[in-house]
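Accompanying notes for the structure given below.
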Amino acid sequence: MAIEQKLLHESGQTVKKAASTIYIIDDDESMRSSLEFLFQSVGFATRAFASTSEFLVAARTETEACLVLDIRLKGTSGLEFQEQLRRSGIDIPVVLMTGHGDIPMSVRGMKAGAIDFLTKPFRDQDMLDAVTSALKVDRVRRAVQEMLADVEIKYKSLTAREQQVMSMVAKGLLNKQIAGELGISEVTVKIHRGLVMKKMGARTLPDLVRMADALSQEAKNRITNTTG
């Protein structure tokens, strides 16, 4: 993610705050109601569920969101569900909560990517701080994904030869070296290089390198998510 975030920063793209939804999964009805009241009191939209299965079949918003997830649930535990979400490619920041928290559970949850871990009873402000952090993570993730989608569209507009030149330029090869590798003249390499910069919207060589790195990292992430 570091490469993509740096590219996002360098591109000057702003991260806009959008409507936020807090999803809640807890089999305690009183806790669900209490959390909904808390979040709605500060302007968040909420969707509450008594089980993980209810959450999975429900339609979810396309705007920024996070999931407040109880660890102690009937059937699938919150920790197991958190891992299930990751394997399924459902990328939503998670705030874990439990009335029976301990250090091993906390460590497992945080290693799996949880934004925070709150033990019941918790202070309202602690929960609000946790979901605010989770929403910020989701907001940046969505902006980065949008930026990457734009870079991928531009990359696909390149010819096969231009893609080869971009890859070699990103690896640090000089025009003369690229010409030798591809069996073309340096003048032709310069022409291809200029077209690549223009089509990709890269203002400088470092911009182009960051785009190539981001595309490479995204491809690796997709392979990992598919095989993981």
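Listed values, structure above:
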item: Rounded tilt (10° steps) of 160-170 against the dominant C-alpha axis of the chain; result: 80 degrees
item: Label-point separation, LEU173 to ARG60 (7 Å along Cα→Cβ), nm; result: 4.1 nm
item: Stretch gain in nm, segment LYS111-VAL187, where the contour uses 0.36 nm per residue and the Cα spacing is subtracted; result: 22.2 nm
item: Test item: Cα-centred dipole of segment 18-143, Lys/Arg +1 and Asp/Glu -1 on Cβ, debye; result: 360 debye
item: Of LYS156/LYS190; LYS176/LYS220; LYS136/LYS198; LYS136/LYS156, those spanning more than 26 Å from alpha-carbon to alpha-carbon; result: LYS176/LYS220; LYS136/LYS198; LYS136/LYS156
item: Alpha-carbon Debye profile of the chain, log10 I(q)/I(0) at 0.08, 0.13 Å⁻¹; result: -0.41, -0.81
item: Computed lengthening from ASP124 to SER157, 0.36 nm per intervening residue step minus Cα-Cα distance; result: 6.9 nm
item: Length gained when the stretch ARG203-ARG86 is fully extended (0.36 nm per residue, less Cα-Cα span); result: 38.5 nm
item: Folded to 0 to 90 degrees: helix 29-41 orientation relative to the chain principal axis, Cα; result: 60 degrees
item: Lys, Arg +1 and Asp, Glu -1 on Cβ, resulting dipole of segment 88-149 about Cα centre, debye, nearest 20; result: 100 debye
item: Reduced Cα scattering model of segment 31-80, Debye log10 I(q)/I(0), q = 0.20 Å⁻¹; result: -0.79
item: Residues ASP70, ASP27, sorted so that the one with the fewest Cβ neighbours within 10 Å comes first; result: ASP27, ASP70
item: Options SER185, MET168, LEU208, ranked by Cα towards positive dipole end of the chain, top entry (Cβ charges); result: SER185
item: Size of electric dipole in the chain: Cβ of Lys, Arg +1 and of Asp, Glu -1, about Cα centre, debye, nearest 20; result: 1120 debye
item: Neighbour-count order for GLU181, GLU218, fewest beta carbons within 10 angstrom listed first; result: GLU181, GLU218
item: Mean separation of Cα contacts under 8 Å (6+ apart) over length of segment 93-163, as relative contact order %; result: 31 percent
item: Ascending count of other beta-carbon atoms within 10 Å, so fewest first, for ILE115, ILE153, ILE90; result: ILE153, ILE90, ILE115
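Read-outs throughout are calculated quantities, based only on the coordinates presented, and are distinct from any laboratory measurement. Being a predicted model, the structure only gives us computed values, none of them experimental. Positions of Cβ are generated from backbone atoms using ideal geometry, with glycine treated the same way; all protein chains shown enter the neighbour counts.
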